[in-house]
């Protein structure tokens, strides 16, 4: 494990003023459509909140072992640089969040595990400021390989705002032999490749006395297909030579199958293409900061996930224009229509693509 890059130890975050951009003018109803928010309420369908104690509130599916739901959810930061693909364990996550890193070049994942275990998760990488938003949504434990000085302080020590359960390799497992394991080195950066498992992270939670059931408010689910615009192909225009994403609907499985840079994105264990029953694009403000994140001087992005903003939900081969809403740090992000009514997801796993709210638009056709 390489040492964390030196960051400027400032007592408070000092974001630089956000530059003014001109919003991209998007074409209307063409062969490739862009989902926009309208005042049309979601079509009335039967929505079922997950009140059954044997239903996973993150997926709306019954679990094979109800004891799984008596544990704390686990989130793990996973690398997404081209050289480390295929990753391990993304197919076992209930929810995967994808977000841009410093310099807006590559993306990273935070995968959340609750309703099923994963024997191998990785490559585990360092946390970013967005993780200060993601774990408190579900009172989850966060496991990662470390963080820059300031981000680590926020995660580990700043209890005034966040009460974080944060597993850090460098602090909690410096020998990489209790909760993490090394399985090689990356070629480009010559950094140790780390992996973990849900069993290992839950053991850590037991060791520190933080394991146990927590109250989770999940999504609303319905199996009824909504009446909406067809969307069989979704394009998420992250960096073209690194992380451009395409989701293609597969009617046979009822899932969107994931492609990266034109190649099927597969799991490193099963070798099967990754898929999602629900794909949500969340448009959020990306604020610049002066927090140094890497050895090249790249500075952290503060992604604002409180308040509300535009969202697009893709399920069952259709696109639904929506809003995301999250009034406070300690509550989950919800998907609602223009009237504030929850928009149901289809029972199953979900990928959340977090995107800038200006000069960026996911397209579908």
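The values are calculated or read from the model by the stated rules, or taken from the named source; none is laboratory data. The shown structure was predicted, so the numbers you read here are calculated from the model rather than taken from an experiment. Quick reminder, even Gly has a Cβ in these numbers, built from the backbone with ideal geometry, and neighbours come from all protein chains shown.
Can you find a residue in region 228-250 that is in a strand (DSSP E or B), surrounded by fewer than 21 Cβ atoms within 10 Å (Cβ to Cβ) and on the phi > 0 side of the Ramachandran plot? Checked against the condition, which is being in a strand (DSSP E or B), surrounded by fewer than 21 Cβ atoms within 10 Å (Cβ to Cβ) and on the phi > 0 side of the Ramachandran plot, region 228-250 yields no hits at all. Looking only at residues in region 315-345 that are in contact with a helix residue (DSSP H, G or I) (Cβ under 9 Å, 6 or more places away or on another chain) and modelled with pLDDT of 95 or more, the one that is farthest from residue 357 (Cα to Cα) is 332. Take region 104-131 and flag every residue that is closer than 18 Å to residue 152 by Cα and either in a loop (DSSP other than H, G, I, E, B) or in contact (Cβ under 8 Å) with a residue 60 or more places away in the chain (or both). Matches in region 104-131: 124, 125, 126, 127, 128, 129, 130. Being crowded, with 17+ Cβ neighbours inside 10 Å, within 14 Å of residue 350 (Cα to Cα) and in contact with a helix residue (DSSP H, G or I) (Cβ under 9 Å, 6 or more places away or on another chain) is a description that does not apply to residue 257. Any residue that is within 25 Å of residue 269 (Cβ to Cβ) and either touching a strand residue (DSSP E or B) at 6+ places or on another chain (Cβ under 8 Å) or not in a helix (DSSP H, G or I) (or both) - is there at least one of those in region 151-167? Looking for residues that are within 25 Å of residue 269 (Cβ to Cβ) and either touching a strand residue (DSSP E or B) at 6+ places or on another chain (Cβ under 8 Å) or not in a helix (DSSP H, G or I) (or both), one finds at least one in region 151-167, hence yes. Just so you know, in region 189-222 the residues that are touching a residue at least 24 places away in the same chain (Cβ under 8 Å) and part of a helix (DSSP H, G or I) include one that is surrounded by the most Cβ atoms within 10 Å (Cβ to Cβ), and it is 201. If you go through region 75-94 and keep only what is more than 24 Å from residue 132 (Cβ to Cβ) and part of a loop (DSSP other than H, G, I, E, B), you end up with 85, 86.
In region 347-365, what residues are more than 20 Å from residue 249 (Cβ to Cβ) and either surrounded by fewer than 21 Cβ atoms within 10 Å (Cβ to Cβ) or at pLDDT below 95 (or both)? Working first, answer last.
From region 347-365, those more than 20 Å from residue 249 (Cβ to Cβ) are 354, 356-360; that's our starting set.
Result: 356, 357, 358, 359, 360.
Those strands (runs of 3 or more DSSP E) of region 306-365 in which at least 2 residues are over 18 Å from residue 97 (Cβ atoms) and touching a strand residue (DSSP E or B) at 6+ places or on another chain (Cβ under 8 Å), considering only elements entirely within it, cover 318-326.
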